[in-house]
Amino acid sequence: MLLFISLHCFTLSSQRKLKGYVYSAKDSTALEAVSIYFDGTTIGTITNQNGHYSIPVQEGIKSPLVITMMGFAPVYINNYQNSDGKMPAVYLQETAEELDQVFLETDPWTRKRKLHIFKMQFLGNSPEAFQCKILNEDAIKLHYSPSKLKLTAWANEPLIIENKHLGYTVRYTLNDFYAKYEKNLSGLELLNMVYYEGFSFFQELNKRTRKKYIKSREDSYAGSTLHFMRSLAQKQLHENGFRIFYDKFEAPPYLHFEFRKVLNKTYVKLLKEKLSILYDNEEQSSIQTKGTFVIDAFGNHTPPSAIIMGGAMSSRRFAFMLPLDYKLQAE
């Protein structure tokens, strides 16, 4: 089974702040308690009673700045890198209650079945995943298309996910989710591929991070896609416990990769259709790519659709997902 997961990029250097105001587009009144955060990170704040916000940003950061509030359409800002810290005012548009999508064929699956599959493929199917809970799962819309063999999910509001394995509360804006099936010779429908993408903001579940959460985060990071990408960009695969295999034989770590460095970015091209990865002599994964992808100085890669991970790395679903600034910020 193949897995695509969309993540966004984060890099670290000298710190500065972005400052601005958020207003209602309807009457230009200041909006208080609007959430402002960098996608995929723990870096966030809210507006005060005057609609003002101030958020720290690191030079080279690539994550979109997300501005969101219930009842308003979210705004995503990417072109803040070259700003002097003073952001233009943002006017949020109120959203009317969205109607469900209209489908032309009957959905034969019950909501219970679809929700079970969604949670299993999104959160995971492991003891760690059972420690995750979607607090507003009624917001999840689901549809199965028998002609396309495809389960689709979407939500009109951010999912609030409590992860008691890693110790985070995550606000996840689900932009896209689908699970594609294929029929075998017996006519049974078997899962073939899962894809999901969205924007996320991580907050500590408790005021003080418990030791068990720190240990779980370290375990989740070890051998993860983020760990691999950081090691690949820094050319420390062997030092960090990764071995590369091609056609069942071990290969020199970087033989089948082509690298090009531009400032703090590493452009990578896979020279073979598929490579196998062995971590810590135990966990087996694979990597396939569609063209060149980019790894920043801390291992965050883009575009996510260019990379297909298989094996152990693809089995690590949302329950194991860490902020992109993990290990870049003090615990």
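The values are calculated or read from the model by the stated rules, or taken from the named source; none is laboratory data. On a predicted model such as this, the values are computed, not experimentally measured, just so you know. All Cβ positions, glycine included, derive from the backbone under ideal geometry; neighbour counts span all protein chains shown. Accessible surface is based on the protein model in full, side chains and every heavy atom, while ligands, DNA and RNA are left aside. Shrake-Rupley method; radii C 1.70, N 1.55, O 1.52, S 1.80 Å.
Scalar couplings 3J(HN,Hα) for segment 265-271, obtained by applying the Karplus form with A = 6.51, B = -1.76, C = 1.60 to θ = phi - 60°, are 10, 10, 8, 10, 10, 7, 8 Hz; x denotes Gly and Pro.
When the Gaussian network model of the chain links Cα atoms closer than 10 Å, the mean-square fluctuations of Gly299, Gly187, Gly71 top out at Gly187. The largest accessible area among His256, His238 belongs to the first residue in His238, His256, and the rest follow in falling order (1.4 Å probe, all chains). The order of Val34, Val294 by accessible area, most exposed first and with a 1.4 Å probe, is Val294, Val34. The residues of the chain present an accessible area of 52 Å² per residue when probed at 1.4 Å with all protein chains retained. Accessible area per residue (1.4 Å probe, heavy atoms of protein chains only) ranks Met229, Met87 as Met87, Met229, with the largest value leading. Rounded to the nearest 20, the size of the Cβ-charge dipole of the chain about its Cα centre is 620 debye, with Lys and Arg at +1 and Asp and Glu at -1. The GNM of the chain, with springs linking C-alpha atoms under 10 angstrom apart, assigns the highest mean-square fluctuation among Lys86, Lys26, Lys150 to Lys26. Just the protein heavy atoms count here, and of the accessible area of the chain at 1.4 Å, carbon and sulfur take up 49 percent. Choose one answer from Thr42, Thr292, Thr68: the residue with the largest mean-square fluctuation in a GNM of the chain with alpha-carbon springs under 10 Å. Fluctuation is largest for Thr292.
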